[in-house]
Amino acid sequence: MSLVGRLEDLSLGDILQIIALSGKSGVLTLSNRGNESRIIFKNGQIISTLNPGEKENIASLLIREGVINLPILKDAVSHLRTIKFRRNLAWILSERFGQDQDKIESAVRRFVEKNVRRLFEWKDGLFNFDLKETEEEIEKLTIDPLQPLLRKGISPPALIMPAPAPGQAGSPSDNLAELFKGFAADEALSPEGDEFLASVRKEISRTTGENLDLPRPGGEAGDEPVMASPGLRLLRSMVEELSDPNRYADISLLVLRFASEIMNRAVLLMVRKRVIAGLGQFGIRLSDGINPENRVREVRIPIDEISIFREVVENKVPIRRKLRRANPWEEYFLQMLGSEQPEESFFGPMISRGQVVIILYGDNLPERRRIGDSTGLEIFLSQAGLAMEKAFLERKLKEVPTLGKEHSHS
């Protein structure tokens, strides 16, 4: 599942805000005129960047900034070899060799921030956000020893602000070349075929002036046609509408409006204490002359009975599959909507205060086709839940002064 499009339609700043607000984990890939960069997110926070054309790695960064010295680096590399380079260098330095974790984290943080800020210069190109649902998927992306990896992620909105004035850090210090020469000459630590040390030696070659032809990804950004995620262009404007306090009462209408960009029919269901009740719809057509709005409002599905609706409430994640006629409550729902079975159905939860409060149901009847990419809709549902939670808290805060005044007059 991915969110794809062009930077001309949605800027990097907007993309970062959306991912931050949704709290998603995954990889954002940006490509522009043969260049490609990746930003890795964990729970909406930036924890790493990958740029195949980046000329500096973490080893040279930490030496250049004086965080570690060459003997410590050599010892860390020797240890990494024993564990087959399956651990991040920066973490090894603090965990096993007692180097200052805060200084290492600060240096890596500046490195990541610099790489992300560079990408704001890309005014066109392609983007693709690939969701990673589990901790294991994220960990697989972070086992490269030379990859910049943060323990505490960076909040994306902080990078949207103007970059601070550049400091003194920049080109390597004068004596760094000599240090690298000594490291490169140590054949015991740099055998051919050792991928990690090969990467370090590339940086050594660059720093000492030797020619190095870094591989670059081929192809131009505009060579291949790009199919943007449905509803992507609406995402920015509708998230902005959710931020308007005057629109809180219209959250359900905004959800249905967004859903109409992706599917032919949709139903909003409100999750109450014991039942799931119909709330609103679009696209429902009934042959018996009954008003579809009235029919949807008659829907009542008990939460404690086994059904896909109960699964959504308990698991709090979107589900896509066919409704099962063998399940009495799913068959009941099909009958309420006209009895025809869709090729595929979408069930998306809206979560507020930790609980599912709304379920969005959708399908593509009368067409016999599956649901398309729903990533943008899922992100919008998460934002709608946050907006609903914010409205609830603001309403409670407004009640506090009133309660205080009543108490003072008693």
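Before moving on, here are some points about what is shown:
- The alpha carbon centroids of segment 72-115 and segment 1-40 are separated by 27 Å.
- Here Val275, Val112 are placed in order of increasing Cβ neighbour count within 10 Å, fewest first, which gives Val275, Val112.
- Under the Karplus curve 6.51 cos²θ - 1.76 cosθ + 1.60, θ = phi - 60°, whole-Hz ³J(HN,Hα) for segment 318-324, x wherever Gly or Pro sits: x, 10, 10, 5, 6, 5, 9
- Ranking of Glu95, Glu121, Glu378 by count of other Cβ atoms within 10 Å, fewest first: Glu121, Glu95, Glu378
- Over segment 1-80, the alpha carbon radius of gyration divided by the compact-protein estimate 2.2 N^0.38 Å works out to 1.44.
Rule-based calculations on the coordinates, nothing more; no lab input. Keep in mind that this is a model prediction, so the values were computed, not measured. We place every Cβ from the backbone using ideal geometry, glycine too, and count neighbours over all the protein chains shown.
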